[in-house]
Structures are given as C-alpha cells and as structure tokens.
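Student: First, the structure itself, so that you have it in front of you.
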Amino acid sequence: MTKPVIQVENLSIRLSGKAILQDITLNVSAGEYVSIIGPNGAGKTTLIKCMGGIYRDCGGSIQIGGKAIKAYSSKELAQLLSYVPQAEGRTLPFSVEEFVMMGRYPHLSPFTPLKAEDREAVDRAIAQTGIEALRNQPMNTLSGGERQMAFIAGALAQGARIFLLDEPTTFLDYRHQAAVMRILKSICSDSGITIIAVHHDINIATENSDRMIALKDGRIAFDGISAEITDSATLEEIFDTPFHCIADNQRPLPLVIPGGAE
Amino acid sequence: MKRTSVLIVLLMLSIAAVLIGPLIGREIIPLSAFLADGSIDQVILVNIRIPRVLLAFLAGSMLALSGMSFQALFRNPLATPFTLGVSSGAALGAAVFIRFGLAFSILGISSTSFAAFGGALLAVGLVYGLTRLKGGFSTATLLLAGIAISFFFSSVILFIQYVSGISHSFRIMRWLMGSLASADYTRLLNILPFFLAGSLIISFLKRELNLMMTGEDIALSRGVNVALVKKLIFLAASLMVGGVVAVCGPIGFVGMMSPHICRMLVGADHRFLAPATFLFGGLFLVVCDTLARTVIAPAEIPVGVITALLGGPFFIWLLLNRNANTEL
C-alpha cells in the first residue's frame with residue numbers, strides 16, 4: 001500500500017448554519033481513481049471542495065502529501081491539486097488557449113512573462129485532451145463536452161498530481177461522456193494522476209473506478225471496491241429507492257438501473 | 001495582432017485628444033498662442049485649458065479602471081462605482097467636508113480627497129459586510145446592497161444640503177453634477193497620487209483579474225489568494241473613485257461604458273483590456289468635457305450631465321441586450 005496522498009480525518013463543515021458534512025474519514029492513495037456517489041444534497045461537491053482547499057473553514061483535519069492543507073500557500077496547493085468544477089453555467093469570455101494558459105498561474109510570478117516551459121505545458125495539455133482544433137475558439141461558443149475538455153486541459157496545464165472533479169460527465173451527450181471518461185482514465189493510468197470524481201451516473205462510476213465512496217446525509221455510507229456496491233440492497237440503503245442489477249457479459253460488473261423488479 | 005493595433009489606435013487618438021482638446025473652447029485658440037508670451041490666449045491655454053484636459057484624461061482613466069476592476073470582480077457588466085454605492089460614499093465624504101469647511105492638506109493632498117477616499121472605502125466595506133452577513137457573496141445580493149447603500153448615502157447628502165445655507169447648498173449641488181470646471185495644476189497634483197497608487201495596484205493584478213472572471217472557485221483552485229486580491233481591488237478602486245470624486249464630483253457612467261466597450265474591442269484578457277480601458281476612459285472624458293465646454297458656449301454644461309445623457313441609453317441597451325449581459 002502506497003502512502004496516502006490525501007488523508008481526511010473527522011472532517012465536518014457547516015454552511016449557512018447547516019451541517020453539510022459530519023465526521024468524514026478517508027484516505028486516498030497516489031494513482032487511485034475514486035468515484036464519489038450519493039443522492040442530491042449528500043455533500044459530494046462540498047467534500048471535494050474541502051479537499052481542494054476551496055472551503056477552508058472545515059473542522060477536523062485534511063492532509064495533502066502528509067502536510068496539513070492549511071499549511072500550504074494558495075500557489076503551493078495549486079501545484080499539487082486542481083479542482084475542476086462543472087463547466088456549465090458560467091460565462092467565460094476567453095479563448096480556449098487563454099483559458100488553458102491561466103492554468104500556469106501557480107508557476108508564475110507577477111510581471112514575469114510566460115516561459116517556454118509554460119507554453120509547452122499548455123501545448124501538451126491541449127494535445128492530451130484532443131482539442132487542438134478548438135484552440136482559438138471562444139470558450140462561450142463551445143458545447144458542454146468541449147468545455148469540459150478545456151477545463152480538464154486547464155487542470156493538466158496546472159501540473160497538479162491530484163484532480164478533484166465535480167460531475168465531469170453530467171449534461172454531456174453519450175459521445176462526449178465516453179470521450180471525457182477515456183481521457184480521465186488515461187490521465188490516471190498513464191500519467192499516474194490521482195483522480196477523485198463526483199459521478200451522477202453509477203454505471204459510469206463503477207465502470208471506470210476501482211473504488212467507490214458513497215455519501216448520504218453528510219456521512220460516508222459506503223467506502224469500498226466497486227464490485228461490492230453493485231448490489232441492489234446496498235444501493236437502496238444509500239439512495240432510498242429500489243435498484244435493479246442486470247448482469248452483462250460485456251462488463252465485469254452488473255449494470256445498475258433504478259426501479260424495482262416489476 | 002489585432003489587439004495590439006487597437007491599443008496603438010487608442011493611444012494615438014488619446015494623444016491627439018490631449019493635444020487638440022485645449023485649443024477648442026468658447027474660442028478656438030491657435031497652437032501658436034502657446035508661444036505668444038504675455039498674451040491672454042497663452043494664459044487661457046496654459047493655466048486653464050491644458051490642466052483641464054489633463055484632469056479630464058486622468059479622471060476618465062481612473063473611473064474606467066475602477067469600473068473594469070469591479071466588473072471583473074463581480075463578473076457583472078452592471079457592477080460599477082455607481083451601482084455599488086462607491087461613488088455615493090465618496091460624494092458623502094466630500095460633501096461633509098465641503099459643508100463644514102474642514103480644509104487642510106497633508107503632503108499637498110487636500111482633506112476633501114481623503115474624506116472622499118474614506119467615504120468610498122466605507123461604502124465598499126458596508127457592501128462587503130452586508131453580503132457577508134447574508135452568508136454569500138453572490139452578485140445579486142452585492143448589487144442590491146450597493147444600490148441600498150447608494151440611496152442611503154444620497155439621502156444623507158440631500159439632508160446635509162437641506163440644512164445648509166443657500167451658498168453651501170448651491171456649491172454642493174453644482175459639485176454633485178460632476179464638473180471639471182475647477183481644474184488647475186493644484187487639483188491635478190491632488191489627483192495624481194490617487195491615480196498612481198490605484199493604477200499601480202491594478203497593473204499588478206491583471207492575471208488575477210482574468211482568473212476572478214472565470215469564477216472564484218477556479219481562481220482559488222489555480223492558486224489565487226482570492227481574499228487578498230479582493231481587498232486590493234477594493235482598495236485600488238476606492239483610491240481612484242475617491243480621488244476623482246473629491247476633485248470633480250461624481251461623474252457617472254464612464255466607469256460602466258468604457259470597460260464594456262473596450263471588452264468588445266480587445267476582448268476580456270486584462271493584459272490588453274487594462275491599457276485599453278485606461279486610454280479609452282481618458283479619451284472619452286476629454287471628448288465629453290470638450291463637448292460640455294462648447295455646445296452651449298459661452299455657458300457650459302457640467303460634464304456629468306453629458307456622460308449621464310450618453311450613459312442612460314447605454315445602460316438600458318446593456319439591460320436589454322442579453323448577449324452583452326452574458327458575455328462579460
């Protein structure tokens with residue numbers, strides 16, 4: 001077992017007076033792909049925002065690379081991990097290249113121009129996500145899937161070794177869902193980047209990650225290998241609704257669909 | 001490079017405006033008067049018109065830059081020194097000093113300027129505190145808070161005017177319309193430190209402003225110290241708005257229109273947007289002030305009236321044009 005890159009102990013947070021997360025304890029090892037699932041309002045987004053340093057007033061402790069998250073400066077933390085929010089619903093008046101270039105921010109000091117290595121990092125990120133053709137397009141004209149790719153490219157340019165993604169495939173059509181998952185998997189298995197992603201779709205989560213964490217009412221309801229969660233009783237316990245598991249000879253794990261047997 | 005050529009054109013237009021502006025007025029003064037020692041024309045040109053045009057340029061640039069910073073910070077084209085109540089705060093600070101005649105100066109900067117800066121900071125602090133109290137930092141609550149504070153401060157100014165004698169009241173009213181008529185070299189020196197401090201801070205924050213526009217969560221994730229950047233932007237914008245309001249009164253709409261038009265010309269990247277906004281704001285106010293001095297000559301219109309006449313319709317266009325709203 002490799003040393004954990006993220007250690008969360010007894011994490012709790014209240015937002016606007018309401019307890020969102022309570023007593024969360026979990027470890028993530030380098031190179032893992034962890035999916036977070038759970039019903040709406042369970043605290044999934046809040047959890048990755050806490051781990052990504054977006055929310056800083058959390059109770060308990062979060063350690064990144066063996067050091068408390070609060071002990072890092074903003075730029076130091078940004079060199080280690082990158083939070084990738086949902087790409088929908090924001091206006092981004094920049095071209096794809098400009099946006100990806102902003103990922104280099106934690107490596108720059110004020111007034112120093114971009115160096116060759118910064119440009120190389122941007123080129124690599126754009127090539128890796130396959131969006132060369134969109135390079136000079138305005139972000140505001142991209143489709144949801146293309147935007148998500150640009151967001152991932154931005155995180156790659158940032159050079160972080162840990163990615164925290166909030167529903168990277170939600171709202172995308174099937175082709176873009178598949179493309180985004182292919183890139184995330186290759187980033188994880190080829191480049192050894194640790195990925196923690198909130199997934200709305202259980203089948204996408206189980207197909208792409210070995211480990212699943214389920215949240216319910218701000219607490220961890222499940223933490224284990226994906227094979228153990230594809231079970232209707234376990235899922236019903238988490239989501240409070242019946243599930244149906246269908247064995248599929250194309251996939252190692254059964255397909256999960258909500259709704260009981262007729 | 002399209003964006004670079006836009007900047008060069010703006011620079012040349014600005015230089016032309018600053019050179020030609022002083023020659024135009026109630027009477028056209030030929031450039032040769034500049035060298036005609038002892039002539040009335042030379043006095044008008046050197047002591048009245050040149051400082052006035054320079055003041056107009058600086059004031060326009062400062063208002064435009066502060067508007068640009070607020071728009072980036074709140075990701076909203078309607079966030080301006082006016083809508084956030086910062087102008088009213090500055091005006092209240094200055095009005096109190098005009099009413100009570102507390103005139104003194106520190107290092108050559110008049111107390112009115114400090115009072116206006118204090119008022120601007122107070123307004124920003126109140127808006128910020130109010131939205132914090134609400135638990136969120138959303139654009140909607142922020143603008144609502146700004147408008148509430150703006151109304152409140154304006155009422156206090158009206159009250160001060162009401163209880164003042166006729167001469168104070170008249171002075172405050174004329175000053176509230178926004179005018180550059182009092183320009184001289186002392187006032188130019190008064191405004192200069194506010195310009196230098198404010199624009200220096202903004203020029204350090206161009207990358208941060210870009211990232212703030214993509215959203216606070218992305219900015220934080222890229223390593224921007226968002227809390228610090230917000231405070232610096234508030235400080236810089238308050239310095240610039242306070243500096244201008246103390247000398248010229250609250251001149252509206254420059255801070256809203258200039259950055260928006262520049263965003264259409266050079267895009268939203270602040271490495272280009274900031275210099276373009278600086279030049280455009282200055283150019284715009286020089287042109288407006290030249291109009292103010294000439295359209296009903298020999299009388300003159302307060303320049304605030306001209307900018308408001310242009311700005312009102314622009315504001316409505318901005319509201320109606322959904323594209324302009326979402327493409328900030």
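The values are calculated or read from the model by the stated rules, or taken from the named source; none is laboratory data. Worth saying up front: this structure is predicted, and the values here are computed from it rather than measured. FYI the Cβ positions are ideal-geometry reconstructions off the backbone, even for glycines, and counts take in every protein chain you see. Keep in mind that these areas ignore ligands, DNA and RNA; they rest on the heavy atoms of the full protein, side chains included. Shrake-Rupley method; radii C 1.70, N 1.55, O 1.52, S 1.80 Å.
Student: How large is the Kirkwood hydrodynamic radius of region B:2-326, counting all unique pairs of alpha carbons, in Å?
Tutor: Taking the inverse mean of 1/r over all distinct Cα pairs, region B:2-326 comes out at 20.0 Å.
Student: Now for a separate question. On average, how many beta carbons from a partner chain sit within 10 Å of the beta carbon of a residue in B:203-211?
Tutor: 3
Student: In region A:4-229, what percentage of the DSSP-assigned beta bridges are antiparallel, given to the nearest 5?
Tutor: The answer is about 55 percent antiparallel.
Student: Where the centroid of each part is defined by its Cα atoms, how far is region B:1-47 from region A:1-40 in Å?
Tutor: Cα centroid of region B:1-47 versus Cα centroid of region A:1-40: 64 Å apart.
Student: Can you check how the C-alpha radius of gyration of region B:16-95 compares to 2.2 N^0.38 Å, as a plain ratio?
Tutor: Normalised Cα radius of gyration, region B:16-95: 1.54.
Student: Additional query: When ligands, DNA and RNA are left out and all protein chains stay put, how many square angstrom of accessible area per residue does region B:2-326 have with a 1.4 Å probe?
Tutor: Per-residue accessible area for region B:2-326 comes out at 42 Å².
Student: Oh, and also: Can you give the mean number of other chain Cβ atoms that lie within 10 Å of the Cβ atoms in peptide A:145-157?
Tutor: What the average comes to for A:145-157 is 1.
Student: Then there's this: For the ranges A:69-82, A:146-159, B:39-52, what's the packing order if you count other beta-carbon atoms within 10 Å of each residue, average per peptide, and put the highest first?
Tutor: Per-residue mean Cβ counts within 10 Å order the peptides as A:146-159, A:69-82, B:39-52.
Student: Then there is this: I want the local charge near A:Asp118. Using Cβ-Cβ distances under 15 Å, sum +1 for each Lys or Arg and -1 for each Asp or Glu among the other residues.
Tutor: Around A:Asp118, the surrounding residues sum to +3.
Student: Follow-up question, since we're still on this one. Starting from the eigenvalues of the Cα gyration tensor, five times each then square-rooted, give me the equivalent ellipsoid semi-axes of the protein assembly as shown, largest first, whole Å.
Tutor: 55, 25, 20
Student: Could you compute the FRET efficiency for A:Tyr174 and A:Ala233, with r as their C-beta to C-beta distance and R0 at 35 Å, rounded to 0.05?
Tutor: With R0 = 35 Å, the Cβ-Cβ based efficiency is 0.75.
Student: Next up: Summing both sides, how much accessible area is buried between A and B? Use a 1.4 Å probe and give Å² to the nearest 100.
Tutor: Using a 1.4 Å probe, the pair buries roughly 2300 Å².
Student: Percent of accessible area on region B:2-326 owned by carbon and sulfur, 1.4 Å probe?
Tutor: That share works out to 74 percent.
Student: Next up: Let me understand region A:21-145 better: what is its radius of gyration from the alpha carbons, and its Dmax, in angstrom?
Tutor: 17.0, 46
Student: Taking springs between alpha-carbon atoms closer than 10 angstrom, which of B:Leu200, B:Leu78, B:Leu310 fluctuates most in the Gaussian network model of chain B?
Tutor: B:Leu200
Student: Of the listed peptides A:59-65, A:113-119, what is their order by residue-averaged count of other C-beta atoms within 10 Å, with the highest listed first?
Tutor: A:59-65, A:113-119
Student: Considering just Cα atoms, how many Å³ per residue does the convex hull of chain A enclose?
Tutor: With only Cα atoms used, chain A gives 147 Å³ per residue.
Student: Right, next: Restricting to the protein assembly as shown, what percent of DSSP beta bridges are antiparallel, rounded to 5?
Tutor: 60
Student: Roughly how big is region A:4-229's charge dipole about its Cα centre, with Cβ charges of +1 (Lys, Arg) and -1 (Asp, Glu), in debye to the nearest 20?
Tutor: 520
Student: How big is the gap, in Å, between the Cα center of region A:61-99 and the Cα center of region A:234-255?
Tutor: A separation of 33 Å, based on Cα centres.
Student: Let me ask something else about it. Gap in Å between the Cα centre of region A:145-164 and the Cα centre of region B:212-288?
Tutor: Cα centroid to Cα centroid, the span is 29 Å.
Student: Report, as a whole number in µm² per second, the diffusion coefficient that Stokes-Einstein gives for region B:269-309 at 20 °C and 1.002 mPa s using the Kirkwood radius over alpha carbon pairs.
Tutor: Roughly 192 µm²/s, to the nearest whole number.
Student: Hey, another quick one. Describe numerically, in nm with one decimal, the distance between label points set 7 Å from Cα along Cα→Cβ at B:Val43 and at B:Leu228.
Tutor: Result: 5.4 nm between the two label points.
Student: What's the tally of Lys pairs in chain B whose alpha-carbon atoms lie under 23 angstrom apart, where the two lysines are 8 or more places apart or on different chains?
Tutor: For chain B, the number of qualifying lysine pairs is 5.
Student: Of the listed peptides B:60-71, A:223-234, what is their order by residue-averaged count of other C-beta atoms within 10 Å, with the highest listed first?
Tutor: Packing order, densest peptide first, comes out as B:60-71, A:223-234.
Student: Give me the inter-chain shielding for B:221-232: mean count of other chain Cβ atoms within 10 Å, whole number please.
Tutor: 6
Student: Given the convex hull of the Cα atoms of region B:118-234, what is a quarter of its surface area in nm²?
Tutor: Mean projected area of the Cα convex hull: 9.5 nm².
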